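First the structure, in the form of C-alpha cells, and then the observations on it.
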C-alpha cells in the first residue's frame, strides 16, 4: 500500500487527510517511532486487555519525507487488514480507534473530512 495524502480506513465513514505542513517533532510528541526505513510508525492496541502483541491494532505510518500517510487496522501480527466496523464485539475497538485518530486530528497531524 502506497503512502497517500487522503486515507479512508476500511469500514469507516470518515476520511482523513494528511497535513502537508507537518513537522517531525509533532510525530515524536504523539508517540511515533522511526522504523528501519526511516518512516514514522504509531501502533495502538484496540483490544487493551490482550496487550499489543496479541491484539488487533491501529497502525499509522508517515513516510520519511513527511509527504503521505497509511492508516490501517491490522491483525495481531500486522500482516492482514481487519475491518473492525463489521465485528460483533466492536464497540470498545471503535471507541479506541476514534480516540487515537481524534488525538492526531487535534494535534493537526491529520484532518478529518
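Of all residue pairs spaced 6 or more apart or on separate chains, those with beta-carbon atoms under 9 Å, a first member in the range 101-113 that is without any contact (Cβ under 8 Å) to a residue 40 or more places away in the chain and a second member that is surrounded by fewer than 21 Cβ atoms within 10 Å (Cβ to Cβ) and in a strand (DSSP E or B) are 102/112.
Taking the listed residues 73, 6, 34, the one that is under 17 Å from residue 113 (Cβ atoms) and modelled with pLDDT of 95 or more is 6, with no other qualifying. Filtered by the rule that a residue be over 13 Å from the mean Cα position of the chain (by Cα), surrounded by 13 or more Cβ atoms within 10 Å (Cβ to Cβ) and within 19 Å of residue 32 (Cβ to Cβ), the range 68-110 gives a lone residue, 107. Scanning the range 39-67 for residues that are part of a loop (DSSP other than H, G, I, E, B) and touching a residue at least 40 places away in the same chain (Cβ under 8 Å), which turns out nearest to the chain's Cα centre (by Cα)? Per the criteria, the residue is 46.
Of everything in the range 76-91 that is outside any loop (DSSP other than H, G, I, E, B) and touching a helix residue (DSSP H, G or I) at 6+ places or on another chain (Cβ under 8 Å), the residue that is farthest from residue 43 (Cα to Cα) is 85. Filtered by the rule that a residue be surrounded by fewer than 12 Cβ atoms within 10 Å (Cβ to Cβ) and in contact with a strand residue (DSSP E or B) (Cβ under 8 Å, 6 or more places away or on another chain), the range 22-61 gives 33, 35, 51.
The values are calculated or read from the model by the stated rules, or taken from the named source; none is laboratory data. What you see is a predicted model, and the numbers here were worked out from it, not measured in a lab. Note that we place each Cβ from the backbone using ideal geometry, even for glycine, and neighbour counts take in every protein chain shown.
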